[in-house]
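Only one structure is covered here, and it is reproduced in the block below.
Every number here is computed from the coordinates shown, using simple stated rules; none is lab data. Since this is a predicted model, take the numbers as computed values, not measurements. No Cβ is skipped: glycine too gets one built from the backbone with ideal geometry, and neighbour counts run over all protein chains shown.
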Amino acid sequence: MSFTLVQVIVSGLLLGAVYALFSSGLTLIWGMMNVVNFAHGEFVMLGMYSAVMVWTALGGGPFAAVPIAAMLIATLGVASYFLLVRHIMRGPMLAQILGTFGLALFLRYAAFWYFGANFRTLPDTLVGGSFSLGGIRFEGSRVLAGAMGLVITLLLHFILTRTAIGSRMLAVSEDATAAQLMGIRPQRMQALAWALAGGATGIAGALIANFFYTSPTVGETLAIIAFVTVSFGGFGSVLGALVAGLIIGVVESVSAYAIGPVYKDVVVYILFVLVLWFRPQGLMGKT
Amino acid sequence: MNGTTRRTTMVGAAALAAGMARPALAEDAVKIGVIYPLSGNSATAGNYSKMALEVAADVINNGNADLAKMLPLAKGGGLPGLKNAKIQLIFADNQGTPAAGQNQALRLITEEKVAALIGAYQSGITLTASAIAERHGIPFVNGESVAANLTERGFKWFFRVTPVAIDFARAYSTFLKEQKAAGRKTDNIALVHENTEYGNSVGSVIIDQFAKDGFKVGQKIAYSANSSDVQPQVLQLKEKNPDVLIFISYTSDAILYAKTMKELNWKPGILIADNAGFNDPTFVKSMGSQVDGLINRSAFSAGKPGSVPDLFNKLYTKKTGGDELDDVSVRGLQALLVLADALNRAGSTEPAKLQAALKATDLPAEQMVAGYDGVKFDEKGQNIKAASVVTQMRNGKYVTIAPKERANAEVILPYKGW
């Protein structure tokens, strides 16, 4: 195995962990309430802008940006739930899709209006630049994002499967009426799901901003990957998103390196279609 | 044959009817449709160009004493040849997609009844939008799309002011010959390009021209624009380690390439980046310090104080709040001045007369905002006096290094990067 190939795989794994990081919020919302949040990419975008703002206004790096972005986007998530999602959930499936899609367009063009179309970037020294380990190059900001991706997915998985609050949330997602009879308030649990998803997404945005460009349309570029990751891993499965993210990251990197960058999406989507063919519920989704 | 004649007659008749139904009144403004990417990933470029065109329209409508010494149309009060009609720009957003560009062209022509169209930045969108203008017999003046095939379609209503791929390819090739003569390594050349109209066509023209001049492009990497990740491409380059690397990319990818090359710690001896993303003011501002020594091309060179480009640059800088004219915005601005000159000489917004006036355009170098030798269209609608200068990124700003008569700095190599 050539040396460059090792670097390609390492880069792919880090990229995959980042994909998992910004997909976890999307899969959480689906798992909790069977709603696909089409505004997810815009949530990531606003998380990125939070980091840019923290840096330009306060000169702060990720340690300040991550909690601020998490709080802002969690608030946005809760607000979206109470003002929009709660109402459209009573409507037909199409209304849900178009509702969050409308939210996406609103947020995207609000960002155009407020931030302008210009691309922003954060200085790469914010997270200590890059370093070399045994000849393999690592970018500090990507390592941080990848590591946080693992931590956050595992934490979300733990909350959902090992805590009382997680059980209550899952109960609401299985049968809201039955949960209500058990003394659980469905709306409170669903709002909590949106807050958690928003928080995770805000953190993802704030970390990605360290090595990516930020612009009002960046959500589009990232959202597609998030949707593929989530359906690949199984809608609603946080761990599935992690596994799928890592697979997609490595497959993308290796095929771009070995075959050519134009073909990487072809390879990823062939794999995607094959997985859905044999397992329509995704790698770890429930039937 | 018969069909063509009938169609031409019908277009002529329609134009005549439009002319009779709506005679140009003294206070009538002449509407010009402008299609640019005002949203989407190239929105920065589109919005800067929009401001540049607004500056030009303002100079024609309201005058500028200093510019009036050199530009006949800068005296103010609109277009004297067209009963002092003022210029009214109607902007439309192409959203970065050929389909949207096409729809906007149709809307501007049929609903806004514009006299002519300007646009549309991305070559792929200019391709579709200008086809609509051609079908409706409305002049389309393009300021900045460089794909070769745009003027190879036999269109009668398409006029392109910008220099094209072959001009850049020659400029780069000449530059590399000079570097080779100076003893720098140029044997191993790699080309990385995005795979839409712009990247594909400019890429193949560069490869052909280089082959003629004895340079071989040994590594060619095509990629899809707006990538989420460019590490594999940079690793492919790192492995082959070419002496010369040429990028053809839009802004979002340009930023990722600049960042990733630093992350993976690789740089070539000579880095050439063909305009577009690498000339975007936001790229220059945020990534300029990471790509020091980068070779580029430009249509903009500020020139001497008091010159046409200098005066326009000052007006533009005032409007943008600090950003100077750049290669893209200056070419858009120049396109509007060319169209205004033709409208003025045509003395009418009637499409056929405007078309004839555009064909007869002959503007001298002294009236240029862009660094061209003038404007004169060949039978295909291409400006044969267009030209480009070669620039180099130095401390976050582009300086002109070639040709010698326009250069304001000496080239410094090898490429420094960060």
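In terms of other Cβ atoms within 10 Å, B:His193, A:His87, A:His40, B:His136 run from fewest to most in the order A:His87, B:His136, B:His193, A:His40.
Based on the Kirkwood approach, the hydrodynamic radius assigned to the stretch A:89-138 is 15.0 Å, with every pair of different Cα atoms included. The DSSP beta bridges internal to chain B are antiparallel in roughly 30% of cases. The ranking of A:Phe211, A:Phe82 from fewest to most other beta carbons within 10 Å of each one's beta carbon is A:Phe82, A:Phe211.
Would you work out if the stretch A:213-257 is rounded, prolate or oblate? Take a ≥ b ≥ c from the square roots of the eigenvalues of the alpha-carbon gyration tensor; rounded if a/c is under 1.5, else prolate when a/b is larger than b/c, oblate otherwise. Since a/c reaches 1.5 but b/c is at least a/b, the shape of the stretch A:213-257 is classed as oblate. Going from the fewest other Cβ atoms within 10 Å to the most, the residues B:Trp418, A:Trp113 appear in the order A:Trp113, B:Trp418. For the protein assembly as shown, build the charge dipole from Cβ charges (+1 Lys, Arg; -1 Asp, Glu) around the Cα centre, then report which of A:Tyr257, A:Ile159, A:Ile270 sits farthest towards its positive end. The Cα lying farthest towards the positive end belongs to A:Ile159.
For q = 0.13, 0.21, 0.24, 0.33 Å⁻¹, what log10 I(q)/I(0) does the stretch B:35-81 give under the Debye formula with an equal point scatterer on each alpha carbon and no solvent? Here the Debye-derived log intensity ratios amount to -0.39, -0.67, -0.74, -1.06. With an a/c value of 1.5 or above and a/b larger than b/c for the gyration tensor axes a ≥ b ≥ c computed over the alpha-carbon atoms, the stretch A:56-148 is described as prolate. Shape class for the stretch B:258-326, computed from the alpha carbon gyration tensor (a ≥ b ≥ c): prolate, with a/c not under 1.5 and a/b above b/c.
Extent of the stretch A:153-205 along its three principal axes (Cα atoms, max minus min coordinate, largest first): 37, 20, 13 Å.
Ordering B:Gln231, B:Leu53, B:Leu354 by the projection of their Cα atoms onto the charge dipole of chain B, which places +1 on the Cβ of Lys and Arg and -1 on the Cβ of Asp and Glu, puts B:Leu354 at the extreme positive end. DSSP assigns beta bridges within the protein assembly as shown; of those with both partners inside it, close to 35 percent run antiparallel.
Counting charges near B:Pro80 (Lys, Arg +1; Asp, Glu -1) among other residues having Cβ under 13 Å from its Cβ returns a value of +3. The convex hull defined by the C-alpha atoms of the stretch A:197-287 has an orientation-averaged projected area of 6.5 nm².
Neighbours of B:Asn296 by Cβ distance under 13 Å: Lys/Arg scored +1, Asp/Glu scored -1, total -2.
With θ taken as phi - 60° and the Karplus curve 6.51 cos²θ - 1.76 cosθ + 1.60 applied, the whole-hertz 3J(HN,Hα) list for the stretch B:349-361 is 9, 4, x, 5, 5, 5, 4, 5, 5, 4, 4, 8, 4 Hz, x standing for glycine and proline.
This model, with +1 at the C-beta of Lys and Arg and -1 at the C-beta of Asp and Glu, gives chain A a dipole about its Cα centre of some 480 debye.
Measuring spread by the Cα atoms of the stretch B:189-344 yields a radius of gyration and Dmax of 17.5, 57 Å.
Evaluated with a Cβ-only charge set (Lys, Arg +1; Asp, Glu -1), the stretch B:272-327 carries a dipole of roughly 260 debye about its Cα centre, given to the nearest 20. For the stretch A:95-246, the Cα-based Rg and Dmax, in that order, read 18.4, 60 Å. Legend: calculated FRET efficiency, B:Ala356 to B:Glu239, from the Cβ-Cβ distance at R0 = 45 Å, rounded to 0.05, equals 0.20.
Out of every Cα pair in chain B, what percent are spaced more than 30 Å from each other? Tail of P(r) above 30 Å: 40 percent of Cα pairs. Per residue of peptide B:232-240, the mean number of Cβ atoms on other chains within 10 Å of the residue Cβ is 6. Alpha-carbon geometry of the stretch B:53-148: the Rg and the Dmax are 15.1, 43 Å, given in that order. Helix content alone sets the calculated 222 nm mean residue ellipticity of chain B: runs of n ≥ 4 DSSP H residues at -39500 (n - 2.57) each, divided across all residues, give -13500 deg cm²/dmol. Here the protein assembly as shown is assigned +1 on the Cβ of each Lys and Arg and -1 on the Cβ of each Asp and Glu. Its dipole about the Cα centre then comes out at about 280 debye. Any idea what log10 I(q)/I(0) is at q = 0.09, 0.16, 0.17, 0.23 Å⁻¹ for the stretch A:1-118, Debye with uniform C-alpha scatterers and no solvent? For the stretch A:1-118, the Cα-only Debye profile gives -0.33, -0.87, -0.94, -1.31.
Over all pairs of different C-alpha atoms, chain A has a mean inverse distance whose reciprocal, the Kirkwood radius, equals 19.3 Å. Kirkwood analysis of the stretch B:283-368, using all unique Cα-Cα pairs, places the hydrodynamic radius at 15.1 Å. With θ taken as phi - 60° and the Karplus curve 6.51 cos²θ - 1.76 cosθ + 1.60 applied, the whole-hertz 3J(HN,Hα) list for the stretch B:34-44 is 10, 9, 9, x, 8, 9, x, 6, 9, 4, 4 Hz, x standing for glycine and proline.
Orientation-averaged projection of the protein assembly as shown equals 34.0 nm² [convex hull of Cα atoms, one quarter of hull surface area]. Do any of B:Lys314/B:Lys416; B:Lys177/B:Lys385; B:Lys238/B:Lys267; B:Lys359/B:Lys380; B:Lys185/B:Lys416 go past 19 Å between their Cα atoms, and which? Beyond 19 Å between Cα atoms: B:Lys314/B:Lys416; B:Lys177/B:Lys385. For the stretch B:78-84, putting each phi into the Karplus relation 6.51 cos²θ - 1.76 cosθ + 1.60 with θ = phi - 60° gives couplings of x, 9, x, x, 10, 6, 6 Hz, in residue order, rounded to whole numbers and with x for Gly and Pro.
Measuring between their Cα centroids, the stretch A:140-193 and the stretch B:303-376 lie 60 Å from each other.
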